[in-house]
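Take a look at the structure set out below.
The values are calculated or read from the model by the stated rules, or taken from the named source; none is laboratory data. This structure is a prediction, so every number in the text was calculated from the model and none was measured. For neighbour counting, all protein chains shown are included, and Cβ atoms are generated from backbone atoms with ideal geometry for every residue, glycine included. Areas reflect the complete protein model, heavy atoms only, side chains present, ligands, DNA and RNA absent. Shrake-Rupley method; radii C 1.70, N 1.55, O 1.52, S 1.80 Å.
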Amino acid sequence: MKNILFIEHTLSDKSDVTRQLNEQGYSVHRVNNAFDALIQMETEQLEAILLDFSVPKMESFWLLVARQTRTPIIVLAESNSELERINALELGADDYLTRPINIRELQLRLNVLHRRTQAPINDVVNDYIGFDDTCYTISFAEKSLVLTQTEYRLFKYLFDRQGEVVTKEELQLRVLHKELGRFDRNLDMHISNTRRKLVKRNLPRELINTVRGQGYCFSF
């Protein structure tokens, strides 16, 4: 199922956009603040982000753009103000729609953005991925990415088992050499930092996927 992150000003049980997207086969994750939005971005493989432009910008939109997310962002606005539309696009939005939202038009725009973002990802992952164990550097798509020793070992461990779901317990034991504690977030932190570095180098963070309730998976 395709995952959509919907950042709204206020959460309400009556959301026509959410209901209609659900009917089209999308799974909509609704939040109303930047903190919850970032959690969803770290734990879900998202098709797109819908942003209610009335949400305070310092709490959501600017923060998302600052993280240089590769996930397409569509702004949903109340007015068709040319100045507001230009402002949204300058800040990093990929598209702009005014209410009332035509769900068919939204779906078509989501499809266009999906095709646009899929092409470079496929080009990247089809390239050879090289590993330099001496300086913890990964090379692919004519780019190099320097990681910490732990990040490098986690990436390589997952790469060697690509297509398989590797449990957090296995990664903790095999790579970090200790058992996974109940409240231990150390492993998640290393994965999150690696994804951020991938994004900063304009590489797909989706190479490392979160499998909810199970662990992580390296996927082409």
Check: Could you say which residue among ALA48, ALA66 is at pLDDT below 85 and either surrounded by fewer than 17 Cβ atoms within 10 Å (Cβ to Cβ) or closer than 29 Å to GLN214 by Cβ (or both)?
Finding: ALA66
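Listed here are the residues, each with its yes/no results for (1) within 20 Å of LEU38 (Cβ to Cβ); (2) in contact (Cβ under 8 Å) with a residue 60 or more places away in the chain.
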| position | (1), (2) |
| --- | --- |
| TYR136 | no, no |
| ALA141 | no, yes |
| LEU145 | no, no |
| GLN172 | no, no |
| ARG182 | no, no |
| ARG185 | yes, no |
| ARG195 | yes, yes |
| ARG205 | yes, yes |
| GLY215 | no, no |
Notebook entry, point to check: When residues of region 3-36 are filtered for being of a type outside the set (Asp, Glu), at pLDDT below 85 and either open to solvent by 40 Å² or more (accessible area, probe 1.4 Å) or touching a Ser or Thr at 6+ places or on another chain (Cβ under 6 Å) (or both), how many remain?
Noted result: 8
Item checked: Filter result (under 11 Å from GLY215 (Cβ atoms), part of a helix (DSSP H, G or I) and open to solvent by 70 Å² or more (accessible area, probe 1.4 Å)) within region 151-186 -> GLU169
Check: Do you know which residues across region 201-220 are in contact with a Lys or Arg (Cβ under 9 Å, 6 or more places away or on another chain) and over 15 Å from GLU170 (Cα atoms)?
Finding: ARG201, ASN202, LEU203, PRO204, ARG205, GLU206, LEU207, ILE208
Next item on the list: Using the structure shown, decide if ARG109 is over 23 Å from PRO56 (Cβ atoms), surrounded by 13 or more Cβ atoms within 10 Å (Cβ to Cβ) and of a type in the set (Lys, Arg).
Entry: yes
